[in-house]
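Student: Just dropping this structure here.
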Amino acid sequence: MTRHVISVPPRPSVMMAANDTKRENGMDEMTIDREAMGQLAKALAFICGPDHPTTIALKAAAESGAERDIKNARTLFLRLKPSDRRAALAMINE
């Protein structure tokens, strides 16, 4: 029996693959614009709560756009449970 894997790429306006060969914690390396970070912050406020460190970091990165804030927000986002990450991404892709 042959199994085929079908993958659906994320919306280009929200996320774009930066390098398909790199992986971090099982997730493709990707860049997220400031608007998407703001949307992710709102989604995570619903999923994890407004006081969650990742929610706060994403809000700060969306507001400031500073490289340090973006790196911190991305790191914290990748440390979330995979189900929370998928739920947040699904909310902003709708």
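Student: If the Cβ limit is 6 Å and pairs must be 6+ apart or interchain, which residue in the stretch 54-67 that is free of Cβ contacts under 8 Å to residues at least 60 places away in the same chain pairs with which residue that is among the aromatic types (Phe, Trp, Tyr) and not in a loop (DSSP other than H, G, I, E, B)?
Tutor: That search, which allows pairs on different chains as well, returns Thr54/Phe77.
Student: Inspect all residues belonging to the stretch 75-82 and state whether any of them is modelled with pLDDT of 70 or more, part of a helix (DSSP H, G or I) and of a type in the set (D, E, K, R). Show your work before the answer.
Tutor: Restricting attention to the stretch 75-82, the residues satisfying the condition of being modelled with pLDDT of 70 or more are 75-82.
Those still in the list that are part of a helix (DSSP H, G or I) too: 75-79, 82.
Subsequent filtering for residues that are of a type in the set (D, E, K, R) retains 79.
Looking for residues that are modelled with pLDDT of 70 or more, part of a helix (DSSP H, G or I) and of a type in the set (D, E, K, R), one finds at least one in the stretch 75-82, hence yes.
Student: Just checking, how many residues over the stretch 75-92 are hydroxyl-bearing (Ser, Thr, Tyr) and either in contact (Cβ under 8 Å) with a residue 24 or more places away in the chain or closer than 18 Å to Ile56 by Cβ (or both)?
Tutor: 1
The values are calculated or read from the model by the stated rules, or taken from the named source; none is laboratory data. In this text the structure is predicted, and so the values were computed from the model without any measurement. Note that we place each Cβ from the backbone using ideal geometry, even for glycine, and neighbour counts take in every protein chain shown.
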